[in-house]
Protein chains: 2
Amino acid sequence: MKKGSFALRILRINMSTFSSAYEELDDKNFILGNRALIAEYANLEIPAACEPLGDKNKLIIAVGPLVGLGITSSARVSVGGKSPLTGGIKEANGGGVVGTKMGKHGLRAIIIESQPSDNQSYIIFINKNGADIQPAGSYERMGNYELAQSLLQQHGKDIGIISIGPAGEMKMSSAGVFINDPEGSQSRACARGGMGAVMGSKGVKAIVVSGDGEYKPIVSDKEALKKARYNFHNTIKSNPQTAEVYPKYGTASAVMTLNEMGAMPTLNFTKGSFDNAENISGDALYDLITKRNGYGRHQHRCMQGCIINCSNVVPDKFGNPIIQPLEYETISLVGSNLGISSLDDISKINYICNDIGIDTIETGAALGVAVEAGLLDFGDITSFINLLGEIKQGTPLGRIIGHGAAFTGKAFSISRVPVCKKGQALPGHEPRGIKGMAITYSMSPMGADHTAAVTFRAPLDHGKTEGQMEFSRNLQVNIAAYDSLGFCMFVTPAVGKQPKLTVDIINAVFGTSFDNTFLFELGKKVLKLERRFNLNAGLNDKHDRLAEFLKNEPLPPTNQVVDFREEDYKRFWHDPDFWGEHLDN
Amino acid sequence: MKKGSFALRILRINMSTFSSAYEELDDKNFILGNRALIAEYANLEIPAACEPLGDKNKLIIAVGPLVGLGITSSARVSVGGKSPLTGGIKEANGGGVVGTKMGKHGLRAIIIESQPSDNQSYIIFINKNGADIQPAGSYERMGNYELAQSLLQQHGKDIGIISIGPAGEMKMSSAGVFINDPEGSQSRACARGGMGAVMGSKGVKAIVVSGDGEYKPIVSDKEALKKARYNFHNTIKSNPQTAEVYPKYGTASAVMTLNEMGAMPTLNFTKGSFDNAENISGDALYDLITKRNGYGRHQHRCMQGCIINCSNVVPDKFGNPIIQPLEYETISLVGSNLGISSLDDISKINYICNDIGIDTIETGAALGVAVEAGLLDFGDITSFINLLGEIKQGTPLGRIIGHGAAFTGKAFSISRVPVCKKGQALPGHEPRGIKGMAITYSMSPMGADHTAAVTFRAPLDHGKTEGQMEFSRNLQVNIAAYDSLGFCMFVTPAVGKQPKLTVDIINAVFGTSFDNTFLFELGKKVLKLERRFNLNAGLNDKHDRLAEFLKNEPLPPTNQVVDFREEDYKRFWHDPDFWGEHLDN
């Protein structure tokens, strides 16, 4: 019997035969979770050149090896496969209660294969007796929030729900996958890369995971784990970012910082700072939540047992929640980028996006392009909300916007579109203002995910190109490791530079004796697998770049451009000394 | 002074400075025309990774070295650059009167660079004094036919017109470039790959080339040319295909042949033969034209001096022309593919497409996908015409269809789309029915152009894979040579196997002493340049394939699939013995 962890099974569900089967995790994968498992199985099982919405793609839902062991922030759920947005591999992760519940069923991953021949929508129920697949019936085309409320009422509160909104059912490329938080709000998004569309293409409207699982953790050295967990938690509690800034302001703390750096996307990426930034800042959000009392609060959490509590609940003026949580990326892409300076309006759009089931980053960028196309004006909240209505209805215009920024640009023949060449919209860290993000956005196998490596807090001159490639690459490797163990990336400001804290946990749980290089080697392994998948899918160096205008159009107020040389980009992958192998085209 | 030819200049027009300048052709290019010149200049001057609709792409309009020498079918006009449809290099050619008129101005090519900062539309007038650029004014958004009539009235009949319709101005990816025929009908299409959108992105609505050019041909050996020309013409006049079939039936002669082979796209590529094929056959078209008398006639020609005369004029029941010409590709993609079995209806759609300025192949395929999306039904001519109206108006739905089949499939999240992976719709030679076409459509640097190499008349078993790669490759090389000398590919059934006929002409004109390998070497050179451009643009082996369903879905009535092995495809380029160099990724 394998030592350590307890989530050691995979549940395979075939949506053309409506059958399911459990299998044991391979020995070689027994420590791997989330992003690493997706990279492994995508390379093994998904033909890289397949149609992302066809029957050969798979939807892989994976958790980490540490779920259920009382370790903070370690129960993220990853959803992955081949992305219909980028054409490459994708892993998107979110919080919520599903990770822990999957662990209780011994499940490290659920792999959904094929698709129903009847083109109908189904709900998969997983409990201790196995999986049961039922027609979605009246749940079809239902918004995420109503769907979750209804499922919770019908099946009790002790369930985890993985669901898609109407956009996912319509297989739109901006569709995400949503998960319920501890209070039952279906608002934790595995947002990026169109994994909601892949889930829709499998005919799966929702997966309901019951809390009745009976698997128990098997820990190699309980005392060692206790000590390692204490050190891990203590470090997080002593770091100002994780102990003070995140709990108080959440990610909104970044608004004024990035605005002052000239790196907050504003008015469709024409400026790097927003005149009304103070109205949508971390302080403004803190004050709004504080003043309105009622349900609104700070220090909300997305996963049970989290000790960071970066989440928040934004209340309306009567104290009722509008959205939980409101994050920096939404504030910038839907706020400053669209000329919207009201946190209420931004929260409202966020709620609608979650309910339809679309990524706020991709949608904010697409709406900015829609302004450039002359469809509506910056700041026109009513028209923006009407456009979101068109997405929900699946009108031709709604389909255009719902497929994201690159598709919207193409539809209206606009070349100036804020995307990476793999076709994903740029998040709220403008790469002209923070040059390290140009490396992250262009080189990450995921496309323009800020979560792949956020560089703006690094001790670098962010206006210069020097050192950015190396910094972003090292950080991408490091983050990939945490992404592969089920951790929320928000532990990394505290523990990221002390790998021993994490390795001690792994060794205690699994009885292994990894040294401090374990994480870096794990991260490299994952990135290499992802690069291989992308090369096999036809994505190469030429696709590891950003939209042309970012090179040519200076961004006020810094008037910087993305000015890396081809060699700087190329060195990222063409460096066998770093990777230990050739990863050329 | 260079020997031979007389079109030895390039006119460069910069659309941001509204300036123009002549330059002499490089010595090394003095025999190259059309496709070869585009390949040369695209590689030299267009950054392969650029945005196709951005200011760094160029629109190259090129003719051949033999214009004005009385040689049949040698005045084709090629339009090229980076394609917004495929993302790779593109050369699309058409007949009409422009080639000869460019030659009279000594012009081998016109290269249009940059784009106007005011986003306005312009008309370029070229006469013996140079180029003059005027605002398009009331011509903006005008259909091709009305535009040409108006320009001919205003500027006299002795002009050549290169124009785009509203679709090109809206930069839609299915937009072509149109040229007037000897009777002033703006119906000769450089249809494929979205070159109309590139012209639109340069702010050029039309180029008017006057007939007042005074350049005279310089022929090295007039007697030798006379003899070579006689042999060339005589061979064409003695070949049944070029002397009998084409003049009588035009390309519509292929309908019954391909239908019987089970290779005519029918009902959105679900069948290979059409129940009502006889209604839209070459015979049916011949009878219709014959019976209606009036203006209608066979043996029409697109270029002065052509001795093949494959074109036709389809009259309505009052004898007035509906369309000139009606070609097989339109009959299959707009006819059988959409369940339309009336030549009148097909002609009507063809007219509307030409007027809007879109490719009938790409549009027919996109409309087939629209049927699959549930927007309308097969055979519903009124709804199809309404949809074309939406393209003209640029509504969101019109923009979707106007960007072609792949884009339409993506918008409606349909994976089953009849395209090559470079994103271009398949023409009317079903690759499951004629397997050599699978090689042509997948491997041609142009994407799915049937004109790159039509294999169905070859002495091969078209249901088997054996020998198809070699046959298509050799033919692609051969055709690329004729495409590079300004020839219409319809000379090749007669002269294609006797290179001496063409080489004698070249040697007589230029005083050269090429041997019979000249054409094959020229063709290889061109394909290699095109492959280089595509590799630099990010298109590689992975993009040299066809849509997945063609491998998996048997095509009735033959129930064949595209079943080439990866090695068969790969050998096409990865063959240094054939190409003389490595053309790997």
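The values are calculated or read from the model by the stated rules, or taken from the named source; none is laboratory data. Computed from a prediction, not measured in an experiment: that's the story for all the values here. In this analysis, Cβ positions are derived from the backbone assuming ideal geometry, glycine residues included, and neighbour counts consider all displayed protein chains.
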- Message: Suppose we filter A:Gly68, A:Gly130, A:Gly87, A:Gly80 for residues that are at pLDDT below 95, of a type outside the set (Lys, Arg) and under 26 Å from A:Ala452 (Cα atoms); which single one remains?
- Response: A:Gly68
- Query: Of everything in the range A:390-402 that's within 8 Å of chain B (Cβ to nearest Cβ) and part of a helix (DSSP H, G or I), which residue is surrounded by the most Cβ atoms within 10 Å (Cβ to Cβ)?
  - Reply: A:Ile400
- Task: Quickly run through the range A:89-131 and pick out the residues that are hydrophobic (A, V, I, L, M, F, W, C), in contact with an Asp or Glu (Cβ under 6 Å, 6 or more places away or on another chain) and surrounded by 23 or more Cβ atoms within 10 Å (Cβ to Cβ).
- Result: A:Ile89
- Query: From the residues in the range A:546-563 that are out of contact with any strand residue (DSSP E or B) (no Cβ under 9 Å at 6 or more places or on another chain) and more than 14 Å from chain B (Cβ to nearest Cβ), which one is surrounded by the most Cβ atoms within 10 Å (Cβ to Cβ)?
  - Reply: A:Gln560
- Query: Of all residues in the range A:196-242, how many are closer than 21 Å to A:Met102 by Cβ and among the hydrophobic types (A, V, I, L, M, F, W, C)?
  - Reply: 10
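From the residues in the range B:45-74 that are within 14 Å of chain A (Cβ to nearest Cβ) and among the acidic types (Asp, Glu), which one is nearest to the chain's Cα centre (by Cα)? I'd like the intermediate steps shown before the answer.
The initial filter retains those residues of the range B:45-74 that are within 14 Å of chain A (Cβ to nearest Cβ), namely B:46-57.
Okay, now just the ones that are also among the acidic types (Asp, Glu), so B:51, B:55.
On the way: B:Glu51: 22, B:Asp55: 24 Å.
Once the filter is applied, the top-ranked residue is B:Glu51.
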- Query: B:Met264 versus (1) at positive phi; (2) touching an Asp or Glu at 6+ places or on another chain (Cβ under 7 Å): which is the lone unmet condition?
  - Reply: (1)
- Note on the structure: Within the range B:203-234, residues buried (at least 17 other Cβ atoms within 10 Å of the Cβ) and of a type in the set (Val, Ile, Thr) come out as B:Val204, B:Ile207, B:Val208, B:Val209, B:Val219
- Message: Could you list, ordered by first residue, the pairs with Cβ atoms under 7 Å in which the first is in the range B:42-59 and without any contact (Cβ under 8 Å) to a residue 40 or more places away in the chain and buried (at least 17 other Cβ atoms within 10 Å of the Cβ) and the second is among the acidic types (Asp, Glu) and part of a helix (DSSP H, G or I), at least 6 apart or interchain?
- Response: none
- Query: If you scan the range A:492-520, which residues turn out to be within 28 Å of the chain's Cα centre (by Cα) and small (Gly, Ala, Ser)?
  - Reply: A:Ala494, A:Gly496
- Note on the structure: A:Thr382 vs (1) at the interface with another protein chain (Cβ under 10 Å from one of its Cβ atoms); (2) out of contact with any helix residue (DSSP H, G or I) (no Cβ under 8 Å at 6 or more places or on another chain): all pass except (1)
- Identity of the residue in the range A:19-41, surrounded by fewer than 21 Cβ atoms within 10 Å (Cβ to Cβ) and among the polar types (S, T, N, Q), that ends up nearest to A:Asn127 (Cα to Cα): A:Ser20
- Task: For B:Lys570, work out the one condition from (1) in contact with a helix residue (DSSP H, G or I) (Cβ under 8 Å, 6 or more places away or on another chain); (2) within 14 Å of another protein chain (Cβ to nearest Cβ); (3) within 26 Å of B:Leu44 (Cβ to Cβ) it doesn't fulfil.
- Result: (3)
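Residue-wise test of (1) away from chain B (no Cβ under 14 Å); (2) modelled with pLDDT of 95 or more; (3) under 30 Å from A:Ile358 (Cβ atoms); (4) in a helix (DSSP H, G or I).
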position	(1), (2), (3), (4)
A:Met199	no, yes, yes, yes
A:Val208	yes, yes, yes, no
A:Val219	yes, no, no, no
A:Tyr230	yes, yes, no, yes
A:Thr242	yes, yes, yes, yes
A:Lys248	yes, no, yes, yes
A:Ala254	yes, yes, yes, yes
A:Leu258	yes, yes, yes, yes
- Taking the range A:414-441, which residues are crowded, with 24+ Cβ neighbours inside 10 Å and polar (S, T, N, Q)? A:Gln424, A:Thr440
- Any strands (runs of 3 or more DSSP E) falling wholly within the range B:271-333 and containing at least 2 residues that are of a type in the set (A, V, I, L, M) and free of Cβ contacts under 8 Å to residues at least 40 places away in the same chain: B:311-315
- Note on the structure: Across (1) free of Cβ contacts under 8 Å to residues at least 12 places away in the same chain; (2) part of a loop (DSSP other than H, G, I, E, B), B:Thr558 clears everything bar (1)
- Name the one entry in B:Leu527, B:Leu535 that is buried (at least 23 other Cβ atoms within 10 Å of the Cβ) and under 27 Å from the mean Cα position of the chain (by Cα). B:Leu527
- Task: Quickly run through the range A:445-464 and pick out the residues that are surrounded by fewer than 17 Cβ atoms within 10 Å (Cβ to Cβ) and in contact with a Lys or Arg (Cβ under 8 Å, 6 or more places away or on another chain).
- Result: A:Gly463, A:Lys464
- Query: Hey, any hits in the range A:77-92 for a residue that's more than 14 Å from chain B (Cβ to nearest Cβ) and outside any strand (DSSP E or B)?
  - Reply: no
- Do we have A:Asn337 as in contact with a helix residue (DSSP H, G or I) (Cβ under 7 Å, 6 or more places away or on another chain), of a type outside the set (Gly, Ala, Ser), crowded, with 22+ Cβ neighbours inside 10 Å and closer than 22 Å to A:Lys90 by Cβ here? no
- Can you name the number of the only condition in (1) away from chain A (no Cβ under 14 Å); (2) over 20 Å from the mean Cα position of the chain (by Cα); (3) assigned to a helix (DSSP H, G or I); (4) among the β-branched types (Val, Ile, Thr) that B:Val369 fails? (1)
- Keeping to the range B:139-192, report how many residues are more than 14 Å from chain A (Cβ to nearest Cβ) and in a helix (DSSP H, G or I). 14
- Those helices (runs of 4 or more DSSP H) completely within the range A:403-489 that have 1 or more residues that are within 14 Å of another protein chain (Cβ to nearest Cβ) are A:405-411, A:435-443
- Task: Please work out if A:Leu387 is buried (at least 17 other Cβ atoms within 10 Å of the Cβ), away from every other protein chain (no Cβ under 14 Å) and in contact (Cβ under 8 Å) with a residue 12 or more places away in the chain.
- Result: no
- Message: Taking the conditions exactly as written (at the interface with chain B (Cβ under 10 Å from one of its Cβ atoms), within 24 Å of B:Leu535 (Cβ to Cβ), free of Cβ contacts under 8 Å to residues at least 60 places away in the same chain and under 28 Å from the mean Cα position of the chain (by Cα)), does A:Asn585 satisfy them or not?
- Response: yes
- Within the range A:104-138, can you find the residues that are charged (D, E, K, R) and not in a strand (DSSP E or B)? A:Lys104, A:Asp118, A:Lys128
